[in-house]
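Remarks on the structure that follows.
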Amino acid sequence: MVEGRDGIDEARTALAAGRLVILPTETVYGLAADAADPAAVAAIFEAKGRPRFNPLIAHVADQAMAERTAVFDDDARKLARAFWPGPLTLVLPAADPSPVCDLARAGLETVAVRMPAHPIARQVIAAFGAPVVAPSANRSGRPSPTRFADAVEETGAFAAAALDGGACEVGLESTVVALLDRPRLLRPGAVTRAQIEAVIGPLAEAEADAKRSPGRMARHYAPQAPLRLDAAAPEPDEAYLAFGPDAPQGPRVFNLSPAGDLAEAAANLFAHLRAADRTAPRAIAVAPIPKSGLGEAIDDRLRRAAGFVG
Ligand code: TXA
Ligand code: MG
């Protein structure tokens, strides 16, 4: 394992050798591999225990690399200009030939592309010189790691290098927008629905059709303990994810944001879920959290963690 800035060259070397690398991004930690190398990509699916029908996101360092990866139309360019580098993923027709192998795309003719903002991720991809696929560095179905130690605990055993970029600033996975027939929101995230609609107009709802968004399964992001949502207070033997200044105190209470700030709550969500889970509670009760703006993405992850969304 290597850490810190000195790790960039080792990360590049590991990727070129078909090995996996734990990489910080501004959203969550990723488990990265050369997008063009089917054996390396197979190792990601293996490490995560991830079903192979669930495609990966290709991460790029700049717009030129993005345009070698996917076919951009006007809306795609507008969104890229407005939000890249940053926590937005675009699902677009794949370039032909594709620098992202079939396995990484789960055989689809589309590809998910994102230009991360985290300087370490960008430097590694730029040094590698080609797209890098990186799902969240958790085992499939578990909360995404937003701290270095959590990433190493989840999938460190499978990585040839692991780069410590500190706590992830955003804390939730990127917003995923498909620009295929009409613009659709496949996964809410830090770039909000309203921010996207301000650039390209109204978004259609994601279809129930699982093929369009294969990752959107029930019981995703789940801790060991069951979740109880919209709970005003914890019951005996429950841990509590609180929100806001008036929350109860206690050894099993984890306040997502004492100030009642949604960005802070998002950044803390997965780390607090893990911390609450480590107290081996009967259940994790979660305070009511506003559902507008960034709250849409927080609510989405909580409902999946609770197993409510199919
Ligand atoms: O913030 C993020 O996006 C993080 C960091 C590491 O960049 N990555 C991440 O990757 O969350 P992952 O694999 O956990 O989630 C990728 C999501 C999945 O829901 C997957 O189904 C969807 O993107 N996806 C990927 N390619 C797709 C495609 N061609 N069509 C539709 N959905 C796609
Ligand atoms: Mg994931």
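The values are calculated or read from the model by the stated rules, or taken from the named source; none is laboratory data. Just so you know, these numbers come straight off a predicted model, no measurement behind them. Neighbour counts run over all protein chains shown; Cβ positions are idealised from the backbone, glycine included. Protein only, heavy atoms only, side chains kept; ligands, DNA and RNA dropped before computing areas. Shrake-Rupley method; radii C 1.70, N 1.55, O 1.52, S 1.80 Å.
Please report the antiparallel percentage of the DSSP beta bridges confined to the chain, to the nearest 5.
Details: 17 of 37 bridges.
Antiparallel: roughly 45 percent of the beta bridges in the chain.
Taken one residue at a time, the phi angles of region 170-187 give Karplus couplings (6.51, -1.76, 1.60, θ = phi - 60°) of 7, x, 10, 4, 4, 5, 10, 10, 9, 10, 10, 8, 10, x, 10, 8, 8, 8 Hz. Gly and Pro are set to x.
Here the Karplus relation 6.51 cos²θ - 1.76 cosθ + 1.60, evaluated at θ = phi - 60°, turns the backbone of region 288-301 into coupling constants of x, 10, x, 9, 9, x, 4, x, 4, 6, 4, 4, 4, 5 Hz, with x for every Gly and Pro.
For region 1-59, with all protein chains in place and a probe radius of 1.4 Å, 49% of the accessible heavy-atom surface sits on carbon or sulfur.
Of all the options 293, 201, 141, the one that moves most in a Gaussian network model of the chain with Cα springs shorter than 10 angstrom is 201. Between amide H atoms placed 1.01 Å from N, distances below 5 Å from residue 111 occur with 92, 94, all of them 5 or more places distant or on a separate chain. Distance distribution P(r), region 227-306, all Cα-Cα pairs, bin width 10 angstrom from 0: 21, 60, 18, 0 percent. GNM on the chain, alpha-carbon springs under 10 angstrom: the most fluctuating residue among 279, 192, 110 is 279. Only alpha carbons enter this Debye calculation for region 265-310, each as an equal point scatterer, and the log10 of I(q)/I(0) it gives at q = 0.31 Å⁻¹ is -1.28. All Cα-Cα separations within the chain were binned at 20 Å from zero, giving a P(r) of 35, 58, 7, each value a whole percent of the pairs.
Taking label points 7 Å from Cα along the Cα-to-Cβ direction, residue 200 and residue 153 give a separation of 3.7 nm. In a fully extended conformation the segment linking residue 291 and residue 232 would gain 19.7 nm over its present Cα-Cα distance, using 0.36 nm per residue. Ligands, DNA and RNA left out, the accessible area of region 153-300 computed with a 1.4 Å probe is 53% carbon and sulfur.
Computed over protein heavy atoms with a 1.4 Å probe, the accessible surface of the chain works out to 40 Å² per residue. What the phi angles of region 69-86 give under the Karplus curve with 6.51, -1.76 and 1.60, with θ = phi - 60°, is a coupling list of 9, 9, 8, 9, 9, 4, 4, 4, 5, 4, 5, 4, 5, 6, 10, 9, x, x Hz, glycine and proline written as x.
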